1. Express in nm, to one decimal, how much length is gained between residue 21 and residue 34 on full extension, taking 0.36 nm for each residue of separation and deducting their alpha carbon distance.
2. I want to check the label-to-label distance for residue 120 and residue 7. Put each point 7 Å from Cα in the C-beta direction and report it in nm to one decimal.
3. Just flag the chymotrypsin sites (Phe, Trp or Tyr not before Pro) in the stretch 1-88 sitting in loop per DSSP whose Cβ has no more than 15 other Cβ atoms within 10 Å.
4. Could you run the Karplus curve 6.51 cos²θ - 1.76 cosθ + 1.60 with θ = phi - 60° over the stretch 98-111 and give me ³J(HN,Hα) per residue in whole Hz, x for Gly and Pro?
5. Sorted by packing (mean other beta-carbon atoms within 10 Å per residue), highest first, where do 113-119, 46-52, 24-30 land?
6. How many angstrom lie between the Cα centre of the stretch 87-126 and the Cα centre of the stretch 34-75?
Amino acid sequence: MLLADDQPLLRRGFRMIIETERDLMVTGEAGNGDEAADLARRDPPDVVLMDIRMPGTDGIEATRRIVAANRAVRVLVLTTFDLDEYAFGALHAGASGFLLKDVHPAELVAAIRTVASGNAVVSPRITRRLLEEYAKVPVLSSGLTATRSCPP
């Protein structure tokens with residue numbers, strides 16, 4: 001696994017969480033998007049844990065480069081910013097997941113495994129907005145989706 005975040009303290013925290021798991025291992029760290037794309041090209045990881053906002057090349061562009069170079073590499077985006085443009089941009093660039101950094105460590109580990117297995121993970125807050133935007137599915141304030149009866 002490759003960690004890409006411009007804050008060394010956060011990379012260290014992610015590393016500590018990940019390396020407590022027997023089946024997960026951090027193989028590299030990058031402080032910006034250019035480094036992440038270069039490391040992923042030279043030594044492709046199964047998963048890249050990617051920050052969105054980094055100096056120079058951001059996480060969205062780095063995700064685009066990584067996925068374009070090797071479709072087998074999965075990118076899980078983590079950010080503190082709950083903004084549609086980041087979520088939609090990351091997913092459009094080829095990310096397999098999008099979570100907020102306030103995720104519980106156990107949920108992060110589960111998300112990494114899910115993405116590594118070829119599936120996708122998206123924060124529930126983002127999922128609701130994706131449904132509203134792309135599927136045009138109305139969502140009630142309770143979080144339940146409204147249903148429409150369709151003629152046969």
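1. Gain on stretching residue 21 to residue 34: 1.9 nm.
2. Going from the residue 120 label point to the residue 7 one covers 2.7 nm.
3. For chymotrypsin sites (Phe, Trp or Tyr not before Pro) across the stretch 1-88 that sit outside H, G, I, E and B with at most 15 neighbouring Cβ atoms in 10 Å, the list reads 81.
4. 8, 10, 8, 5, 7, 5, 5, x, 5, 5, 4, 4, 4, 5
5. So the order, starting with the most tightly packed, is 46-52, 24-30, 113-119.
6. What the calculation gives is 15 Å, centre to centre.
Each reported figure results from applying straightforward, stated rules to the coordinates on display, with no laboratory input. Computed from a predicted model, the values in this text were never measured in an experiment. Here the Cβ is made from the backbone with ideal geometry for all residues, glycine too, and neighbour counts use every protein chain on show.
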